Amino acid sequence: MEQPSNKKPLYDLEERTFLFARDVRFFIKTLPYSKANEEDGKQVIRSSGSVGANYIEANEALGKKDFKMRIRISRKEAKESAYWLRLILSNNVLDNMQEGERLRDEAAQLKKIFHSILQKS
């Protein structure tokens, strides 16, 4: 089983979004059980996976309009992932708080990258 990466940012966005979703899953597994963590965890798992899935779809777009729509969805899902991670971090005292903050920062960076792609499209 691969462990979360703490490497420098990747320039292959498909791989970077994959690693983000994977690392979120590893992080969620470390949370103490509570009903809130269970529900918030489901939400962040869904949104983090959707970032990369929609980016892959954008790369297979049928046209420019479809491409832009998928990139907008990726941006929205990255923003949503950052929100759920913030909520989780604000409601827990964790040994691996740094990893949660890293993931929240990665979500924010991905949002900015997708925003930039939209501006240039």
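Within region 85-107, the set of residues being without any contact (Cβ under 8 Å) to a residue 12 or more places away in the chain and within 18 Å of the chain's Cα centre (by Cα) comprises 90, 97, 98, 105. Answer yes or no: is there a residue in region 52-62 that is surrounded by 17 or more Cβ atoms within 10 Å (Cβ to Cβ), touching a Pro at 6+ places or on another chain (Cβ under 9 Å) and modelled with pLDDT of 95 or more. The answer is no; no qualifying residue exists. Within region 63-79, the set of residues being among the acidic types (Asp, Glu) and either buried (at least 17 other Cβ atoms within 10 Å of the Cβ) or in contact with a Cys (Cβ under 9 Å, 6 or more places away or on another chain) (or both) comprises just one member, 77. The residue that is surrounded by the most Cβ atoms within 10 Å (Cβ to Cβ), counting only those in region 24-41 that are more than 13 Å from the chain's Cα centre (by Cα) and in a helix (DSSP H, G or I), is 40.
Out of 61, 82, one residue alone is assigned to a helix (DSSP H, G or I) and of a type outside the set (S, T, N, Q). It is 82.
The values are calculated or read from the model by the stated rules, or taken from the named source; none is laboratory data. Source: prediction; values computed, not measured. Positions of Cβ are backbone-derived with ideal geometry, glycine not excepted, and every protein chain shown enters the neighbour counts.
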